[in-house]
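Trainee: Okay, here's the structure, questions in a sec.
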Amino acid sequence: MLEPFVVKPGTPLRRTGTEAHASEPDELLMERFLGGDGSAFEALFARHAARVHAYLRRMVGPTLADDLTQTTFLSVVRSRDRFLRGARFRPWLYAIASNAARDQIRHARFEQPTDDGESPEQVAETLLPDPPLEKAVHTALAQLPLPQRQAILLHRFQGFSFGEIAEALGLTESAVKVRAHRGYVRLRTLLAHLGEGT
Amino acid sequence: MSPHQKFVDHLAAGTLDADDASHALGCPACAALLPDGVPDVDGLRSSWLEAAHRELARPVRPWWALAAGLAGANAFLAAAAVATLEPWNWDGSRSGHGRLLGATALLAALVTVGALLALAPRQRWLRGVLGLAALAPVGVLLTTGGVATHPFLAGAHCLWTAVSLSAVPLAGGLFLLTRVAYSPLRALVVGLTCAGVGLLVLQLHCDGTQVHVLAFHLLPWVALGAATVLVRRRLPTSSYAP
């Protein structure tokens, strides 16, 4: 039986591992993780979990984001053999998170509405504890088509370059720029009414 | 132009200035568009890590080993069916042995190497297999001999052969597809490579007319590929890695 990716028994996951790896780049940590070093995964987790959660929170709402963050890191563990050596880690990680969010949104369309007649996505939106104006922005973001929302969230909120987004979403850089531009134009239209009272 | 619109414009262009910054201080809506501070997820961290620990304890079979297993199963099934079924249309081939061999090699590559590469993480390889699959109908049609038989009976027999021989490879392909993120293109290509087993066997055992080959060899092959996309769409995903 092939078991080349089992974490070595001599390298248990320890909190101290994250500190030891603090200055190492993601790709080196991933390389170590592929070699069976469990503490390298923990360092990657410590470095990215909160930001992935923030990204997913804006994609699908806070309730689903908790589960999807866990799903994202479980996918990293399960599919670590699919990480291409020499590739950048962050686009790969966010590709997984984006796929998980997209799948969630897709299934929400198939699933039965809740007792109140709302889809899970709508429920997530109503749970946002934001003040009215902030909620308006979240609602505007939620109204963007998924590809445009992904591009804006990754570019603006996660600080990705267009090249990194292209890598994460499996697109060309120019296609990402078009998506982001259209998204910003649409966002501006959606937020236009905010200016009416000021 | 309202300060909100100006803010969004500058945000999009990456030219936020001091005015925008002071505007964001008094406007929660625009402040919400600025990059996040890292939210506090300490409460969730331990449960996420616990789940990851459990997963880390399990062995991971590399994708290429599983995909190679599928390719091997496809090859074995095709070889067994080719050896077992009658009649064998090598001697009676009207298109020539060269063409028949060429088309057979193309289909054999599709069901073996194609199945392996279609499950690879590299998108480029996936597109390569799609190109190979696009060539398959051309190869098959170039070798049609044109022997008219009982149209319906022969058609039903070929249809049954194509579907039954492809069922097991397709089930295996679908299982492997649930281990990666859903992608219609990947599902289609894996479906076409697995359904190619039936197409390959028919290629060597049926020397029908072009219409027959189109309707009862190629159409079921494409339909099985499309069905793979629809079925995969409904299946749960165990990993979202590309």
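Trainee: Going residue by residue through the range B:144-166, is there one that turns out to be among the hydroxyl-bearing types (Ser, Thr, Tyr) and at pLDDT 95 or above?
Mentor: No, the range B:144-166 has no match at all.
Trainee: Follow-up question, since we're still on this one. Could you tell me whether any residue of the range B:190-202 is surrounded by fewer than 24 Cβ atoms within 10 Å (Cβ to Cβ), part of a helix (DSSP H, G or I) and assigned by TED's automatic domain parsing to the domain that holds B:SER166?
Mentor: Looking for residues that are surrounded by fewer than 24 Cβ atoms within 10 Å (Cβ to Cβ), part of a helix (DSSP H, G or I) and assigned by TED's automatic domain parsing to the domain that holds B:SER166, one finds none in the range B:190-202, hence no.
Trainee: Does at least one position in the range B:212-235 carry a residue that is over 12 Å from the mean Cα position of the chain (by Cα), assigned to a helix (DSSP H, G or I), basic (Lys, Arg) and within 14 Å of another protein chain (Cβ to nearest Cβ)?
Mentor: yes
Trainee: In this structure, does B:VAL8 turn out to be out of contact with any strand residue (DSSP E or B) (no Cβ under 8 Å at 6 or more places or on another chain) and either under 30 Å from A:ALA40 (Cβ atoms) or at pLDDT below 65 (or both)?
Mentor: No: the conditions fail for B:VAL8.
Trainee: Among (1) modelled with pLDDT under 85; (2) among the small types (Gly, Ala, Ser); (3) in a helix (DSSP H, G or I), where does B:GLY37 come up short?
Mentor: Looking at each condition in turn, B:GLY37 falls short on (3).
Trainee: What number of residues in the range B:113-138 are closer than 25 Å to B:HIS97 by Cα and free of Cβ contacts under 8 Å to residues at least 40 places away in the same chain?
Mentor: 5
Trainee: Also: Yes or no: A:ALA100 at pLDDT 80 or above, closer than 16 Å to A:LEU68 by Cβ and among the hydrophobic types (A, V, I, L, M, F, W, C)?
Mentor: So A:ALA100 fits the description; yes.
Residues checked against (1) at pLDDT below 90; (2) more than 7 Å from chain B (Cβ to nearest Cβ):
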position: A:THR11; (1), (2): yes, yes
position: A:HIS21; (1), (2): yes, yes
position: A:LEU28; (1), (2): no, yes
position: A:SER39; (1), (2): yes, yes
position: A:PHE45; (1), (2): no, no
position: A:TYR55; (1), (2): yes, yes
position: A:LEU74; (1), (2): no, no
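Trainee: So which of B:ALA120, B:ALA109, B:ALA154, B:ALA181 is over 18 Å from B:ALA223 (Cα atoms) and in contact with a Cys (Cβ under 8 Å, 6 or more places away or on another chain)?
Mentor: Result of the check over B:ALA120, B:ALA109, B:ALA154, B:ALA181: B:ALA154.
The values are calculated or read from the model by the stated rules, or taken from the named source; none is laboratory data. Just so it is clear, the structure is predicted and the values come from calculations on it, not from any experiment. Note that each Cβ is placed from the backbone with ideal geometry, even for glycine, and that neighbours are counted across all protein chains shown.
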